[in-house]
Number of protein chains: 2
Amino acid sequence: MYEERIKRAALRDKVISAEESATFFKDGMVVGASGFTRGGDTKVVLKALAKRAQSDPLKIQLFTGASLGHGNDADLSNANALTKRLPFQVDTDLRNHINHGDLLFIDQHLGETNEALINGDLPKIDIAVIEATQILEDGSIVPTTSIGNNVVFLDLADKVIIEINTAIPLEIRGLHDIFRVGKAPNKQIIPITSSSTRIGTDTISVDPNKIIGIVFHEITDMTGDIVPPDEITGAIADNILDFLAHEVKKGRLTDSLLPLQCGIGKVANAVMAGFSKSDFKNLTMYSEVLQDSTFELIDAGMMDFASSTSMTVSQNCYNKFINNLDTYRDKVVFRPQNISNAAEVIRRLGVIGINTALEVDMYGNVNSTHVGGTKMMNGIGGSGDFARNAYMSIFVTSSTAKGNNISSVVPMVSHHDHTEHDVDVLVTEKGLADLRGLAPRERVPVIINNIVHEDYRDEFMDYFNRAKAKGGQTPHLLDEVYKWHNRFNETGSMKA
Amino acid sequence: MYEERIKRAALRDKVISAEESATFFKDGMVVGASGFTRGGDTKVVLKALAKRAQSDPLKIQLFTGASLGHGNDADLSNANALTKRLPFQVDTDLRNHINHGDLLFIDQHLGETNEALINGDLPKIDIAVIEATQILEDGSIVPTTSIGNNVVFLDLADKVIIEINTAIPLEIRGLHDIFRVGKAPNKQIIPITSSSTRIGTDTISVDPNKIIGIVFHEITDMTGDIVPPDEITGAIADNILDFLAHEVKKGRLTDSLLPLQCGIGKVANAVMAGFSKSDFKNLTMYSEVLQDSTFELIDAGMMDFASSTSMTVSQNCYNKFINNLDTYRDKVVFRPQNISNAAEVIRRLGVIGINTALEVDMYGNVNSTHVGGTKMMNGIGGSGDFARNAYMSIFVTSSTAKGNNISSVVPMVSHHDHTEHDVDVLVTEKGLADLRGLAPRERVPVIINNIVHEDYRDEFMDYFNRAKAKGGQTPHLLDEVYKWHNRFNETGSMKA
C-alpha cells in the first residue's frame, strides 16, 4: 500500500498516525488546510488536533478553501482551539461561536485568499494539512476531490502534513489543472479561453523536505441529500429558465448560453436541475462547486464540460463519479480557487452567475451573508468574484421567509455584499426583475411589481413615493430605512 | 487644411458646420460622445445640439466616457434635452437635475460600459460624436487627449460625426494604444504585463460609410487650477507616503512600489505631488486619468511610464504636453477605458489604488457617491474597477466636513459603493487604518483610534460597545445606525 501511494521511497518513513500528527501543532500557529465545501477536506488530522485541544489547550488560526465537512469546524471551535477562521464556513456550531464573539472570522472573496497570502496581507502559514491520493517520485502530490487553496498553502507553509486518502482511486490523476499565477509585478496571464482549457500540470509540486508527516485514511467525502425542488424553488428555477430562453430568442445568447456558475443549495440545484428539461444544449460550467445536477447534465449529454475547484454531491453521485473517473476525465476539471474564481477568466468567458441572496433591496443591492445586518450566516463565498465579473449576474431568493413575516425584498438591505452596480437580475418565486440598463428610480417599480410578495407591495410603494418626494438619485428616508427590520425585532414580523 | 487633416479624399465633402451637424439628431436617439473628464470631449456638436433644443425641443440619451468639459452637461440638461445620462458626471447643473428627478442617471463602473453596450444591456448607439485630430486614408482616426469609450461608440453607432480638433498637433499620433476585447464567448486575452505594454494600433478604425459629418474646430480642452496641498490634504498625503515607505521597509514592496492609480481631485493631487519629495524611484502608473503631478514626476525623472485613458490638467501642463509630444511619446499611453480599467490587468499588474471617499464606516465600507445616502455627487467612476482588483486599495477622506459638523467616519455608511471586502487601507488627516488581515471586530478600534476626529470618538466607541454586547459578526444596532445622519438632518450637526 505505502509503495503504491508514496512513490518517493524516502518519504515512506514519514508515515505516522493522526494522533502523532496532532503533536506538531503549537499554540498560535497558522494552519492552512485543504477542503472546499465537502470536497477534499482533511479527514483525520484536524479531528485529532481538536481532540488533543480538549485536554491540552491550544489555539490556532485556520485557513481553508471554504467550508469543511466531517464536523471539523464544530470540533475545533467547540474545543476552543480557534482564534481566527477564514474564508468561509457553514457549520452551525462555528457560526454560533463567531456570532458570539468567541473567535474572529474573516469573510473573504474566495478568489482572493491566495493573493492575500502571497502579498503578506495575512500571516505566514506554519503548517499545511492537505489531502492527496498519491505522492509521486518527485514529491508532487495528486489531489482528490478539490483543489481550493492547496497550492498556495503548500507553497507558503513551513511544514506540510499530507493525508493520503486511499478511498480515492489513483485514476483520479488527470482531472486537475494546477497553475501558479505568481506575485506582482510578475504575475502571469491566466490563458484560459474556454471552460475546458488546460493550462497547467495534473499534480501539485511540493518541496519534499517540508513534509513532516503522512497520515493514511480511507474516509470518503461527506455527502448530502438532494432536496427535490418544491413549489418555491421550482418557480424560481422556471423564472430563470424562461428568462434565459427569452434571451436566446432575442439573439443575445445562443442555445448553449455562456458558461454557467451556480452557488450551492436547494435553489441552485433546482435551477440546474431545470436545465435537464430545457432545450438548451452543449452547456458548459465555469463554477466553483459541482453538484449532482452537473453530473446529471453531463450524463444526459446536455453539458459538454464543467470547470470547478470542488464538488459537493449525494452519496449516489459520489459513488458514480469515483467509480467512473475515466468517463469524466474529459468532462470535468478541478482548478485552484484563485483560477476557478479569477476575475480575469470569469469576465473573459462571460460567465452567467446564479447566486443566492439573503435579502435584496429596491435598488438592487444584495445581502448574501448577515441576518439582520449583524449575524453571519455562511459568508460571501465566491458570489462576489462571479457577480462583479459575470456577463450576467443573477441573484435568487424566496420573496418571504418565516411564514411571510420576513420580506426578503426590503427598502435597504441591512448588510451590503453586492452593490447595485453588480446585480443584473433578481428572481423570486413571484417573478423576475431585469435591472440591466435601468437607473435606480426605474429599478424600484420593476422590483416591487415583479418580485415582492403581495403582502408587502403597498407599504413598499408608499415608502418609495414618500422618499422620491424628497429627491435624490437613490431616494431614501434614512430615519425609517430599517423600519421593517426594527419592526421584526420588536414584533416578530416585518408586517405593519 | 482639409487635405492634411482628412487624408481620405472622399470624406472631405462631409465637412459641415456644427449647426448643420445638430440637425442629424432626432428625439429619442442614443448618442455616444467622446470625453473623459476634461480630455478629448466634443467641443462644438453637443453645444450646437443644446442650442437647437432650446427652440426645437428634443431629448436624447447621452453616453460618454466619463464627465465632460466645456459645460456640455449643463447646456444639455438645462435645455431639457436629456432623458438618460451615463456613466459619470461632475457638473453642478446636471447634478441638480439628476437629484431633482428631471432625468435618469446610471452610475456605472467606468470599465464596464463598453461591455454593457456590446452585450446589449444598453440600447444601441444611433450617433457617435467623436473628437479626433486626423482622419487617415483608410478612414481610421487619430484620437486626441482621451480614448474613453470612443472605440465601442464608433463600432456600434449607426452614424458617426467626427469633430476634428486642429488645436491638437498631428504629432499626437502614436500616444494611443487601441485594442478590442470583443464579445463573449470569443473575448480576447488582454496581454498587458506592464504599464507600458503596447498591444494594439495607434489609430481607431472606423467604417467610413458611417461618417455623416465632419466638423472642424480649434478649441483646446478645458483646464483647471491646481489646488496646492493644504493642512488636511498634505497630512493625508504624508500618511500615505509614510505608510508606503513602511511597506518597503517591511519588504512587501520595492522602492518602485507597484503601478499607481490615483483618483482625481485635490487630495489625489496632493498625494501624487508628495511622491516628488520621496525616495521612491522608477515609479509607474496604471490609472484612468493623468493630472499635473504625473507629468511633474515624469519630468523629474521619478516616473518611468504612465498609462491612462485621459488627462485633466492645468493650462501650463496642457501647453507643456501639447508642445512636447515627442518627449512624452515613450512615457505615456492612452488606452480605451475598458482596458485602462480592466479587472484583468489591474489584478495582474498589482495596482496600488488611491481613491477618495465621501464617507467610510467602522467596518471599512465606503460611500463614494451619495450624500446622505440619497443625493448623487459625481458617480462611482473607476473606483470600483480599481478597488476590487488592486494589490492594495486605499481610500482617503478628511475626517470631518462642514466645520466638524459632519464626521466622514460613521457607524454605517449611508450608501455602499465598496464593501469591507474591497478596502485595505483608510486614511484621514488624523492617521491611517491598515485593515488588511483584520476581522470586522478588529477593524473597529483601529478605525476609531486612528482616523476618527476626536469630537466623535467617544460616542463612536460607545455605539460599538453597545452593539457588540448584542453579538454578531458585524455588530450594529439597526434602530440607531443612522442616528448621526438623522441628527445632522434635524440639527445641522452630527454632534450630540
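The values are calculated or read from the model by the stated rules, or taken from the named source; none is laboratory data. What you see is a predicted model; the values in this text were computed from it and never measured. Ideal geometry is used to build each Cβ from the backbone, glycine not excepted, and the neighbour counts take in all protein chains shown. Protein only, heavy atoms only, side chains kept; ligands, DNA and RNA dropped before computing areas. Shrake-Rupley method; radii C 1.70, N 1.55, O 1.52, S 1.80 Å.
Data for the structure
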{"quantity": "Residue that is surrounded by fewer than 24 Cβ atoms within 10 Å (Cβ to Cβ), modelled with pLDDT of 95 or more and within 24 Å of B:E247 (Cα to Cα), where the choices are B:G274, B:G301", "calculated": "B:G301"}
{"quantity": "Residue in segment A:372-380 that is among the β-branched types (V, I, T), over 19 Å from A:V351 (Cβ atoms) and within 8 Å of another protein chain (Cβ to nearest Cβ) present", "calculated": "yes"}
{"quantity": "Scope segment A:161-191; condition out of contact with any Lys or Arg (no Cβ under 6 Å at 6 or more places or on another chain), surrounded by 19 or more Cβ atoms within 10 Å (Cβ to Cβ), aliphatic (A, V, I, L, M) and under 17 Å from A:E4 (Cα atoms); matching residues", "calculated": "A:I162, A:I168, A:I172"}
{"quantity": "Tally, over segment B:453-496, of residues that are at positive phi and touching a His at 6+ places or on another chain (Cβ under 8 Å)", "calculated": "2"}
{"quantity": "Candidate set: segment A:198-221, residues that are among the polar types (S, T, N, Q) and surrounded by 16 or more Cβ atoms within 10 Å (Cβ to Cβ); chosen: the one nearest to the other protein chains (Cβ to nearest Cβ)", "calculated": "A:S205"}
{"quantity": "Residue selected from segment B:433-480 under the condition more than 27 Å from B:I352 (Cβ to Cβ), within 8 Å of chain A (Cβ to nearest Cβ) and in a loop (DSSP other than H, G, I, E, B), by the criterion most open to solvent (accessible area, probe 1.4 Å)", "calculated": "B:K470"}
{"quantity": "Residue count, segment A:282-329 (criterion: in a loop (DSSP other than H, G, I, E, B) and touching a residue at least 12 places away in the same chain (Cβ under 8 Å))", "calculated": "11"}
{"quantity": "Search result, residues across segment A:481-496 that are assigned to a loop (DSSP other than H, G, I, E, B), surrounded by 15 or more Cβ atoms within 10 Å (Cβ to Cβ) and more than 8 Å from every other protein chain (Cβ to nearest Cβ)", "calculated": "A:S493, A:M494, A:K495"}
{"quantity": "Selection from segment A:334-364 of residues that are open to solvent by less than 10 Å² (accessible area, probe 1.4 Å), within 12 Å of another protein chain (Cβ to nearest Cβ) and either under 30 Å from A:G101 (Cα atoms) or outside any strand (DSSP E or B) (or both)", "calculated": "A:N341, A:A342, A:A343, A:V345, A:I346, A:R348, A:L349, A:G350, A:V351, A:D361, A:Y363, A:G364"}
{"quantity": "Qualifying position, being open to solvent by less than 60 Å² (accessible area, probe 1.4 Å), of a type in the set (A, V, I, L, M) and not in a helix (DSSP H, G or I), among B:L241, B:L258", "calculated": "B:L258"}
{"quantity": "Residue count for segment A:369-378, restricted to those that are among the small types (G, A, S) and open to solvent by less than 10 Å² (accessible area, probe 1.4 Å)", "calculated": "1"}
{"quantity": "Candidates A:T193, A:T166 - the one that is more than 14 Å from every other protein chain (Cβ to nearest Cβ) and touching a residue at least 40 places away in the same chain (Cβ under 8 Å)", "calculated": "A:T166"}
{"quantity": "Of all residues making up segment B:304-320, the number that are more than 12 Å from B:S287 (Cα to Cα), crowded, with 20+ Cβ neighbours inside 10 Å and touching a helix residue (DSSP H, G or I) at 6+ places or on another chain (Cβ under 7 Å)", "calculated": "2"}
{"quantity": "Those residues of segment A:1-44 which are assigned to a helix (DSSP H, G or I) and open to solvent by less than 30 Å² (accessible area, probe 1.4 Å), in sequence order", "calculated": "A:R5, A:L11, A:A18, A:S21, A:A22"}
{"quantity": "Residues (in a loop (DSSP other than H, G, I, E, B) and touching a residue at least 60 places away in the same chain (Cβ under 8 Å)) located in segment A:221-236", "calculated": "A:D221, A:M222, A:T223, A:G224, A:D225, A:I226"}
{"quantity": "Segment A:400-431 - residue that is in contact with a Lys or Arg (Cβ under 7 Å, 6 or more places away or on another chain) and within 14 Å of another protein chain (Cβ to nearest Cβ) and, of those, nearest to A:A270 (Cα to Cα)", "calculated": "A:D424"}
